[in-house]
1. Rounded to the nearest 5, what % of DSSP beta bridges with both residues in the chain are antiparallel?
2. Hey, could you pull the Cα Rg and Dmax for the range 86-181, both in Å?
3. Accessible area of the range 86-150 with a 1.4 Å probe: how many percent of it is carbon plus sulfur?
4. Describe numerically, in nm with one decimal, the distance between label points set 7 Å from Cα along Cα→Cβ at N208 and at S222.
5. Pulled fully out, how much extra length does the chain show between Q132 and K5, if you take 0.36 nm times their separation in residues and subtract their Cα-Cα distance?
6. Enumerate the calculated ³J(HN,Hα) couplings along the range 70-87 in order (Karplus 6.51 cos²θ - 1.76 cosθ + 1.60, θ = phi - 60°), each rounded to whole Hz, writing x wherever the residue is Gly or Pro.
7. Using the alpha carbon gyration tensor of the range 1-138, what are the three equivalent-ellipsoid semi-axes (square root of 5 times each eigenvalue), largest first, in whole Å?
8. Run down the lysines and flag those whose C-alpha is under 19 Å from the C-alpha of K124, throwing out any fewer than 8 positions away in its chain.
Amino acid sequence: MLKVKNVTKKFGELTAVNDLSFDVSKGQVFGIAGPNGAGKSTLYNLITGFYKFDGTIEFDGKNISGLPTHKIARLGISRTFQIPQIFESMTVQESVNLGCRFGNTGKYDPGYSDKMISFASLEKVRGNKTDQLNLLGKKRLMIAAAMATKPKILMVDEPMAGLNALEIKQMTSLIKRINQDVNITVIIIEHFMKVLTELANPILVIENGTEICIGSPKEITSNPEVIACYLGDSHDA
Ligand SMILES: Nc1ncnc2c1ncn2[C@@H]1O[C@H](COP(=O)(O)OP(=O)(O)O)[C@@H](O)[C@H]1O
Ligand SMILES: [Mg+2]
């Protein structure tokens, strides 16, 4: 479904993404892990057309390298951001409606927007301004707005960061429902290994932009290089 082939991104002297290749198949929850600064969010920025890069990215057999962000979104790739990106002057309902209008190249279906608000457990706050939401609420809103575009792939960037234990359970369940109930392929960047191994298979681990390994949760967590790269890290916090 998504084919990343020999993708490299340099920022001046720094190689943020170094010759990465991997395939995401339809129906998967594909995990991406790696220490801070490994190049995970940059990889999302490349897939979603924020920067030019070397290599190719194909989606559903079409080369999407170099396409502008909105075209990539309309093809069916939607994402959330590590630090919530929301329209603070808008209400929750308006924000999700916007996703709904933006994604549907055809007819605007406000009913689908309401469906996504319920899906992300935002009914009670639908009339609230988005800046009144707590962190979990903002993260749910980003997911609801992204889902309202009816993506084929949803990419989430550290959805658990900053959440407490109960909120992590709720977010984990939301991501499972996206994949299992709505049948959307998910890519998840997550620092919190316990959650990632519960949700994702396969998992790609990168460090300094370079692949360390890719495999099942079992393979990843028993890989000595992965263990070394995570040693002293707060992955089990
Ligand atoms: N727009 C940019 N300009 C320059 N350097 C960047 C830019 N975006 C990311 N970087 C650098 O690229 C590296 C990878 O960053 P990032 O992809 O955000 O890592 P991660 O998400 O894995 O923590 C970091 O060293 C970061 O400082
Ligand atoms: Mg990041």
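1. About 60 percent, rounded to the nearest 5.
2. 12.6, 40
3. Roughly 51 percent, rounded to a whole number.
4. With each label placed 7 Å out from Cα toward Cβ, I get 2.8 nm.
5. Full-extension gain reported as 41.6 nm.
6. 5, 5, 5, 4, 5, 6, x, 10, 10, 8, 10, 10, 4, 9, x, 10, 9, 8
7. Each semi-axis is √(5λ); the values are 31, 18, 14 Å.
8. Those lysines meeting the cut-off are K115, K138, K139.
The values are calculated or read from the model by the stated rules, or taken from the named source; none is laboratory data. Quantities reported herein were computed from a predicted structural model and do not represent experimental measurements. As a convention, Cβ positions derive from the backbone with ideal geometry for all residues, glycine included, and neighbour counts pool all protein chains shown. Ligands, DNA and RNA are stripped out before the accessible areas are found, and what is left, the full protein with its side chains, is counted by its heavy atoms. Shrake-Rupley method; radii C 1.70, N 1.55, O 1.52, S 1.80 Å.
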